[in-house]
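Report on the following structure.
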Amino acid sequence: CTACHGAEGKAILGEYPNLGGQHYQYLLRQMRHFKAGERVALLMMGQLDNMTDDQLKNLAAYYSQKPEVSQVAPVDADLSHGERIWRAGIAEKGLPACAACHGPAGAGNGPANFPVLAGQNAGYTALQLRNYREGERDTGGIYSQMMRGVAGVMSDEDIEAVAAYAQGLD
């Protein structure tokens, strides 16, 4: 895990997710999806296949207890547009505010299984939003439906702006 996600949960590349401080249940759910083949990511293929559920629980506990990753937003990003989407959405597109589920500071909602997005790599967040928009990411049931609906009305500019804004949340 540390080869991509780092020992402290800070990913080595911007296209990989930071796992430090992520909610336990969210991490466990995603690992179970990878293991079952319900969520596809080429670099994750085979990584969890031989792990027991107790080992997955231990990994989720390990990374969830690490400090959240703190980063600054990319300097070349349209942060005002990203902040607008995060805080208020875009009513004319039917785009809800990200803060409604992921919280004003991006801390997510563990019991509701909404992930922490504050400090998440903008490249990773943007990739996931595009994957939802294109129907390529499945996180199971209502979660996929919600995110596919959200990302489905987002332009590339919207996605890049909100991903950059979330990276700088602290």
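Annotations for the structure displayed:
- When we screen Tyr16, Tyr26 for residues that are touching a strand residue (DSSP E or B) at 6+ places or on another chain (Cβ under 9 Å), surrounded by 19 or more Cβ atoms within 10 Å (Cβ to Cβ) and under 22 Å from Asn131 (Cα atoms), the only hit is Tyr26.
- Summed over the stretch 122-153, residues that are aliphatic (A, V, I, L, M) and in contact (Cβ under 8 Å) with a residue 60 or more places away in the chain total 3.
- Considering residues of the stretch 120-170 that are polar (S, T, N, Q) and over 17 Å from Val75 (Cα atoms) only, the residue farthest from the chain's Cα centre (by Cα): Ser155
- The stretch 88-103 residues that are on the phi > 0 side of the Ramachandran plot, paired with ones that are among the small types (Gly, Ala, Ser) (beta carbon under 9 Å, 6 or more apart): Gly89/Ala97; Gly89/Ala99; Gly89/Ala100; Gly94/Gly149; Gly103/Ala118
Listed here are the residues, each with its yes/no results for (1) in a loop (DSSP other than H, G, I, E, B); (2) crowded, with 18+ Cβ neighbours inside 10 Å; (3) without any contact (Cβ under 8 Å) to a residue 12 or more places away in the chain.
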site	(1), (2), (3)
Lys10	yes, yes, no
Phe34	no, yes, no
Asn58	no, no, yes
Pro67	yes, no, no
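- Residues in the stretch 136-170 that are open to solvent by less than 40 Å² (accessible area, probe 1.4 Å) and outside any helix (DSSP H, G or I): Arg137, Thr139, Gly140, Met154, Ser155, Leu169.
- Complete set of residues in the stretch 114-135 that are open to solvent by less than 20 Å² (accessible area, probe 1.4 Å) and on the phi > 0 side of the Ramachandran plot: Gly119
- Verdict on Tyr124 being aromatic (Phe, Trp, Tyr) and either assigned to a loop (DSSP other than H, G, I, E, B) or modelled with pLDDT under 95 (or both): no
- Any hit, the stretch 13-21, residues being outside any loop (DSSP other than H, G, I, E, B), in contact (Cβ under 8 Å) with a residue 60 or more places away in the chain and under 25 Å from Gly140 (Cβ atoms): no
- In the stretch 78-111, the qualifying residues are those that are assigned to a loop (DSSP other than H, G, I, E, B) and open to solvent by less than 30 Å² (accessible area, probe 1.4 Å), and the one that is farthest from Gly152 (Cα to Cα) is Gly110.
- The single condition among (1) farther than 18 Å from Tyr165 by Cβ; (2) assigned to a loop (DSSP other than H, G, I, E, B); (3) in contact with a helix residue (DSSP H, G or I) (Cβ under 8 Å, 6 or more places away or on another chain) that Leu27 does not satisfy is (2).
The values are calculated or read from the model by the stated rules, or taken from the named source; none is laboratory data. Computed from a prediction, not measured in an experiment: that's the story for all the values here. Ideal geometry is used to build each Cβ from the backbone, glycine not excepted, and the neighbour counts take in all protein chains shown. Just so you know, the surface numbers come from the protein's heavy atoms only, side chains and all, with ligands and any DNA or RNA stripped out. Shrake-Rupley method; radii C 1.70, N 1.55, O 1.52, S 1.80 Å.
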